[in-house]
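Novice: Here's a structure for you.
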Amino acid sequence: MNLRPIFASAVSLAVTVALLVAGCAPLAPVPTGPGASSGRAKVPVRGLASDETWQGDLRIRGSVIVPKGVTLTILPGTVVRFEKIDVDGDGTGDSELYVEGKIVAEGTSARPIRFTSAESSPAPRDWKYLYLDLSEKSSLAHCISEYAFSGVQVHFSSATIRRCTFRHCVDGLRFSTADGRFEGNRMTGNVHGVRYEERNSRATLAGNEITGNRVGVFCVTESKGTATLRGNRIFGNEQYDFKLGDRQRVDIPAGGNWWGTTDPAAIRGRIFDKGVEADLGRVLLDPILQAPPEAVEGYGA
Amino acid sequence: MTLLARLASVLFAALLIPACASVSPSPARPELAGRVTFGGAPVAGATVSVIDRYLPSGPHVATSTRCADDGAFQVAVPAGSYYLAASGLFDGKPVFAWSGQNPVRIDSGKRWLGVKSVSMPPPARYEAGPAGKGASVAGTVRFKGAPSANAHIYVYASPEGNFKGMGYAMSPPTAADGRFAIDGLPESGYWLVARRRSAGGLTGPLEKGDLFGFFPGNPVYLKDGKSALVEIEMIEKEKALSYSEVTSGGETVLRGRVVDKGGIPQAGVYAFVYDDRVFGHQRPYGQSGPTGPDGAFAIYLDRGGVFHLGAREHFGNSPAPGERFGFYDGTPDHAVELPLSGKLEGLTVVVEPILPEGK
């Protein structure tokens, strides 16, 4: 008998918990260095005590948490700047906006909401992410999220994200176990435009433009096709337009998308799946759209 | 040197220097005590080894002692965390034991351990492995001498993590003949542990009636192109004793209740803590047993500090839609802080199904 061993998961699903604001007064200095704060340096954390509405130009240093039962509303035109601090020294900024309650950040095409680095010369990973964890019915529209580790992460949450731009991040949009509608967004200039582990997600990824990333869509693992990917424009990404992780052995339906060409061989050459690694599943491309889908409202913020 | 060889040398040394066994432990030092049995009968004269760490060459035995005729032993140790192993002869045949409570934590006072032994299996032997498959390990898992089905063999690349969690690799469930085979491993030394959970599942604490076995020849060096053949005998897990039930020393414990949004106690849920605010896919630092009808939980910890508290319905993998899950909401980041040998009680964790339909 020669059975394959089951290798333990090393996948990181960040269920980070904490966070802190601002727009408000500067918080206490962040302890740094070995031995700080009883052996483990801490990221400053601030939890919202009740519903808040943000507008204007705000700064976050550390972690701001929107707890369960609390709603954060961000008005059009608001700019949220995340200060670059790296308490744990992992090379990724620790400032973040962490939502376990609800966030409603609905900008307009004329007045988008911006989540960005507070650095004068911003770079990817200056701050951590906008993170929805166990959040219900959150909504982002006409938002720009940039220079983060992840523009947005959605886990164990229901959310609608439409007409947003995620750029200059490691992961533009990242999700797992999510009940989300992600529509009309633009992901560009990221390492991964979209990165996901489906894990029974009922997510819909439709009508997005995913181009100019290193990898367009990265399906890491634990996916069986319960998420829907249709009507997207996925083309012009540096390495691959669609890539499967090394433990994704199940085929992934991805029909009804535009790949920048109608030539199946050319499209296949942009896909990292069973055609490259025999152990992987296959990205199922049919039907291949024969023309770019019409953008009803355009892409991104 | 394997644990098997190390235990043999310790046994030999103990026979040469019997006076060592008669030294009374200092009353001021913590003390491990218990009884080594085989099939419920005492193993007279068994050698109990207290291992404080693993070196590349094998276990480092901090101290050892010999059991009395009734299988009882006691040994004084510095406060710390140890693996307890035993070997000896029963009815003239070699036996081996690996405490089901490993790693054993002792801070002060006396901690009592029941140590059940099994027949000592032969050392690993090697044969040609499957071509092009790297290093391999294969063998048979038994319980009370009979092949055991539905057991998994966990392969650990290091002792870090105390041989818990999914390890570096894991076998599919054994068939009725108890056989397993794992290939494709890089050449290296590995620790092999077998577990069979009555309720199925791959991770989480063992419950009463579950089976586990630790190969006494650990670490086993697996060679490229070769297949190591081993036999692992399992024992049955008794009730998982809490730290407070087995020691008179101080204990560090979190206690509370798991309820739903309406305040109704939730049964069958595990409370857990992480010592890092980023949970990831790591094992929790500590967890409770399943809650009863009153939703009460207790998490016994080996140190104080800041921990992030939550509760969930299942162990292993990421929470699935419909699973009851929640965090302690007394602080924004779900953190609780407790001193060593301290108690923190009255904590409440609210759990709700993840992503219920329509939300």
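Novice: Against the condition assigned to a loop (DSSP other than H, G, I, E, B) and assigned by TED's automatic domain parsing to the domain that holds B:Pro159, how does B:Glu231 come out, does it pass?
Specialist: Against the criterion (assigned to a loop (DSSP other than H, G, I, E, B) and assigned by TED's automatic domain parsing to the domain that holds B:Pro159), B:Glu231 does not qualify.
Novice: State whether the residues of the stretch B:119-136 include one that is surrounded by fewer than 22 Cβ atoms within 10 Å (Cβ to Cβ), of a type in the set (Phe, Trp, Tyr) and modelled with pLDDT of 85 or more.
Specialist: Yes, the conditions are met somewhere in the stretch B:119-136.
Novice: Another question, then. Mind listing whichever residues of the stretch B:211-228 are part of a loop (DSSP other than H, G, I, E, B) and crowded, with 20+ Cβ neighbours inside 10 Å?
Specialist: Residues satisfying the conditions are B:Phe215, B:Pro216, B:Gly217, B:Asn218, B:Pro219.
Novice: I'm trying to understand the selection: among the residues of the stretch A:172-231, which are in a loop (DSSP other than H, G, I, E, B), of a type in the set (Val, Ile, Thr) and at pLDDT 95 or above?
Specialist: A:Val191
Novice: Taking the options A:Ala265, A:Ala178, A:Ala203, A:Ala227, name whichever one is away from every other protein chain (no Cβ under 14 Å), at negative phi and either of a type in the set (A, V, I, L, M) or without any contact (Cβ under 8 Å) to a residue 12 or more places away in the chain (or both).
Specialist: A:Ala265
Novice: A further question on this structure: Only one of (1) modelled with pLDDT under 95; (2) more than 24 Å from B:Gly304 (Cα to Cα); (3) within 14 Å of chain B (Cβ to nearest Cβ) fails for A:Ala25. Which number is that?
Specialist: (3)
Novice: Which condition does A:Thr221 not pass, out of (1) free of Cβ contacts under 8 Å to residues at least 40 places away in the same chain; (2) crowded, with 18+ Cβ neighbours inside 10 Å; (3) farther than 30 Å from A:Glu297 by Cβ, if it passes all the others?
Specialist: That leaves (1) as the condition not met.
Novice: Can you tell me how many residues within the stretch A:61-95 are part of a strand (DSSP E or B) and within 14 Å of chain B (Cβ to nearest Cβ)?
Specialist: 5
Novice: What pairs come up if the first residue lies in the stretch A:109-134 and is away from chain B (no Cβ under 14 Å), the second is among the acidic types (Asp, Glu) and part of a strand (DSSP E or B), and their beta carbons are under 6 Å apart, counting only those six or more places apart or on different chains?
Specialist: Close Cβ pairs satisfying both conditions: A:Thr116/A:Glu146.
The values are calculated or read from the model by the stated rules, or taken from the named source; none is laboratory data. This structure is a prediction, so every number in the text was calculated from the model and none was measured. Counting neighbours? That spans all protein chains shown, and the Cβs are built from the backbone with ideal geometry, glycine included.
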